[in-house]
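One structure below.
Here, each number is a calculation from the coordinates, and none is a lab measurement. Here the structure is a predicted model, which is why all the values come from computation and not from measurement. Because the Cβ atoms are built from the backbone with ideal geometry, glycine has one as well, and the counts that use them run over all protein chains shown.
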């Protein structure tokens, strides 16, 4: 016959209350033991207003963080300080190292027996016949019409320089010079006073004929120009009122007649 098994006795209400109170006291003691016992000092508000000018905020500082927070485009636009910075703006460049590689030399096959075969085939298939000239009539030459330049009938003269502004009183007639060759121009420099008289003619260049050059000097001396306005003959000549100029004589030549007539032939 087996002995009866003894069952555990249930806790009474007083026992449960004592256990709960003991655990509560243990937790409160643990909290007081682990907590700091420094006195709490209340913060005093700063009554003064300060203004701080920031030119370049150092990275990682509190001012830099405030500036980043106050920037309205930090999240709306791509910015290196936001998501776009580490994602793709400040991404490191790709480093690609290529190695130098050269293909080995491969010589082409050269069949010696076929050298010149391509050129020989080209000659056989491209036969060039004899060149034929187009039978066309000779080009017709166009006639150029021109008017003959009229030659002056008599010799002429031209006045240049400051003297060309003064009026010539006496007309000057320049005759042609009998000569076997064509003569060039005779250039004479003259000086005219305020009364209109010419003096000190100087030949600058000759025509190739002494007769023509002497006639040019004589014609220059015989010229008479209009006196200047307000000229008084009693006043002496002033060198500052002299008018200088150049007279260019353009000669035309005449054929020299034969001096000896041809001898008469005796009658047959």
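Please list, in order, the residues from the stretch 184-201 whose amide nitrogen is less than 20 Å from a point placed 7 Å along the Cα→Cβ vector of residue 169.
Correct set: 190-201.
What is the distance, in nm, between label points placed 7 Å from the Cα along the Cα-to-Cβ direction at residue 121 and at residue 17?
Between residue 121 and residue 17, the label points sit 12.4 nm apart.
Please work out the ratio of the alpha-carbon Rg of the stretch 156-254 to 2.2 N^0.38 Å and round it to two decimals.
After normalising by residue count via 2.2 N^0.38 Å, the value is 1.15.
Once a ≥ b ≥ c are taken as the square roots of the eigenvalues of the Cα gyration tensor of the stretch 85-190, is the result rounded (a/c under 1.5), prolate (a/b larger than b/c) or oblate (a/b not larger than b/c)?
Since a/c reaches 1.5 but b/c is at least a/b, the shape of the stretch 85-190 is classed as oblate.
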